[in-house]
1. Order these by the 10 Å Cβ neighbour count, fewest first: LEU218, LEU42, LEU162.
2. For region 141-248, compute the number of Lys pairs whose alpha carbons are separated by less than 23 Å, excluding pairs fewer than 8 positions apart on the same chain.
3. With label points built 7 Å along Cα→Cβ from the Cα atoms of GLU206 and THR131, find their separation and express it in nm.
4. Give, rounded to the nearest 20 debye, the magnitude of the charge dipole that region 152-248 has about its Cα centre when Lys and Arg contribute +1 at Cβ and Asp and Glu contribute -1 at Cβ.
5. Please arrange ARG116, ARG179 by how many other C-beta atoms lie within 10 Å of their C-beta, fewest to most.
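Bear in mind these aren't lab numbers, they're just calculated from the coordinates by the rules spelled out. These numbers come from a predicted model, not from an experiment. Here the Cβ positions follow ideal geometry from the backbone for every residue, glycine too, while neighbour counts run over all protein chains shown.
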Amino acid sequence: MKEKEIIKYVFKKEKHKGGHGGAWKVAYADFVTALMALFIVLWLTSQSNQVKTAVSDYFKDPGKYTAEQIKRAKVRAMVIAKGGEAVEKVAKQKDSDKMDIVIAVQEFRNVLNNMRLDSIEEGVKIEMADTNQTAFFEAGSAKITRDTEIRLRDSLKNMGILPYPMVIEGHTDATPTGRTDYTNWELSMDRANAVRRIIAETKTAEVIGVKAYGSTMLAKPAFPSDPVNRRVGIIVQIPKSHFGYMKR
């Protein structure tokens, strides 16, 4: 009886010998998870303070990040590729986690294709000018063309709220208005104010100044009547501390 019991016991032990053969998979999964965590930590240590703060803020209260905010964050990664050369040049000067202004620029591009973006001491300057094919304002008037106004309002709504103050500049070409009581000075001021009112209505940003230059600062001095001289400039005032550096 004892021999049979011993044989039976050995048989059972051999039968269950492979029962824990998948334990290595659990250990391997733990190792990969730990390795991934290490890579994340190493990545964080190489990022700017703004990125570290944003990641920390997310984990403190992830519920406040809506689907729309996450979607906009994904768009930030693609916007530079869709923008023009000027957009790319300025965008590359900024920290990657501060792309709200680039999204705004892309929306302004949807208003008028003939748009220029420059990095200036105050922040960034966006200029939208007329072309032979498209016009921002009706001829000799401060009234924005219907199609342009629709695109402008839609673009401003898509931007959301920008935390940067704006200054609006108005420019005209050198063609006289034909009136003594209403010159290019008044016309450029009224055009800048027309844009200011729409920005105020959509609550996109706080406008802290409106400037009129008439025809004193032509984009093409050699061609004073060229449509590109008729333009509106929007200066988005971004503090230097926001990006850490700003170059002309």
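1. Ranking LEU218, LEU42, LEU162 by Cβ neighbours within 10 Å, fewest first, gives LEU42, LEU162, LEU218.
2. Number of lysine pairs found: 7.
3. 3.6 nm
4. 340 debye
5. ARG179, ARG116
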